[in-house]
Amino acid sequence: MSDILAENLSGKAVMGSDGTELGLLYNITMDLKSGKLHDLVVEPDEELPARSVDFDRDETGRFLVPVRHVQAVKDYIVVQR
C-alpha cells in the first residue's frame, strides 16, 4: 500500500468489504511510543442498524476498527468484515 497523509483521510467514508457503508473516519488511534496504529475510529452511518456491525465501540458509540482490517484506501477506506 502506498503512503497516504493522514490529513487526506479525515472524513473519508469507510465501507465494509461486503459493500456496507459503515460511516465516516473520525480519527485514528496509535501507540505514541512505537508509532504503531491501532484503530480507525468511525462515526457510524445514521441508517446503519447498530447490531449489524461486530466492531467494538467507544464511549460515544463510534466503531473501533482495528487497522489490520484495512484492505484498501481509495475513494473509500475498505475494511474486512
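The values are calculated or read from the model by the stated rules, or taken from the named source; none is laboratory data. Treat the numbers as computed from the prediction; the structure is a model and nothing was measured. So basically every Cβ, Gly included, is an ideal-geometry build from the backbone, and we count neighbours across all protein chains shown. SASA here: full protein model, heavy atoms, side chains in, ligands and nucleic acids out. Shrake-Rupley method; radii C 1.70, N 1.55, O 1.52, S 1.80 Å.
A few notes on this one:
- Solvent-accessible area per residue for the chain (1.4 angstrom probe, square angstrom): 71
- Amide proton proximity set for His38, modelled H, under 5 Å, gap of 5+: Thr29, Met30, Asp31
- Overall, the accessible surface of the chain at a probe of 1.4 angstrom is composed of carbon and sulfur to the extent of 47 percent.
- Label-point gap, in nm, between Glu59 and Glu46 - each point 7 angstrom along Cα→Cβ: 2.6
- Local electrostatic count, Glu21, Cβ distance below 10 Å [Lys/Arg +1, Asp/Glu -1]: -2
- Here the mean projected area of the convex hull built on the C-alpha positions of segment 36-81 is 3.8 nm².
- When the alpha carbon coordinates of the chain are projected onto the principal axes, the ranges are 35, 28, 19 Å, largest first.
- Label zone (Glu21, point 7 Å along Cα-to-C-beta; backbone nitrogen cut-off 13 Å) within segment 43-81: 44-49, 76-77.
- For Arg81, nonlocal amide neighbours, meaning residues 5 or more places apart or on other chains whose placed amide H falls under 5 Å from its own, are Ser17, Asp18.
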